[in-house]
1. Return a whole-number percent for the relative contact order of the stretch 2-58, with Cα pairs under 8 Å and 6 or more residues apart as the contact set.
2. Where a Cα-Cα gap under 19 Å defines reach, which lysines qualify for residue 78, not counting those fewer than 8 residues away within the same chain?
3. Could you derive backbone 3J(HN,Hα) for the stretch 8-20 from the dihedral phi with the Karplus parameters 6.51, -1.76 and 1.60 (θ = phi - 60°), listing whole Hz in sequence and x where the residue is Gly or Pro?
4. Translational diffusion coefficient of the stretch 2-58 at 25 °C, 0.890 mPa s, Stokes-Einstein with Kirkwood Rh over Cα pairs, in µm²/s as a whole number.
Amino acid sequence: MISGRIARHGDDPVFRALGERLQKLKEKYEHGQQASLDFLRELLELARDTVAAEKAVEEAPREEKGKAALTELSESVKDAETPSCSNEPTNTSASTTDCPSFDVPSLWCPPATRFA
C-alpha cells in the first residue's frame, strides 16, 4: 500500500527518495538483517513521512491550481483571432486598454447616450 502511494507521484524527488528507503528496508528484512519489531517501526516512520509528503504536495495554493485550469481552458478555446490580451489571462494582469473595445451600448449609460 505504501509503495502504491509513493508510485503515484512518479518523478517527484521526495517520493523517489521515499521509494528508495522502502526498497532498502525490504531488502534488509528479507536478508534477515533486521528484527520484525525494528522493521515495523521503520515501516511506520516511512508511512508517516509518506503521508506528510502527500499533504505537502496537496497543499499547493488554490490560486496556482486555478491559474493552471484557466490557462488550460484559455488554450483550448483560443484561435487565430483571439486578442493578445486574452491569450495569457493568468500570467499577466493585462491592462484593459490593451484589449479591443466593442461597440455594445452599456446598460448603465444615460438613456440619451445609450444608442447614440
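Values quoted throughout were computed directly from the atomic coordinates according to the rules given, and no laboratory measurement underlies them. Since the structure is predicted, the reported quantities are computational estimates derived from the model, not experimental observations.
1. Values: 30 pairs, mean separation 21.5, N = 57.
Contact order relative to length: 38 percent.
2. Of all the lysines, those that pass the test against residue 78 - Cα under 19 Å, at least 8 places apart if same chain - are 67.
3. 4, 9, x, 7, 5, x, 5, 6, 5, 5, 5, x, 5
4. Calculated translational D: 211 µm²/s.
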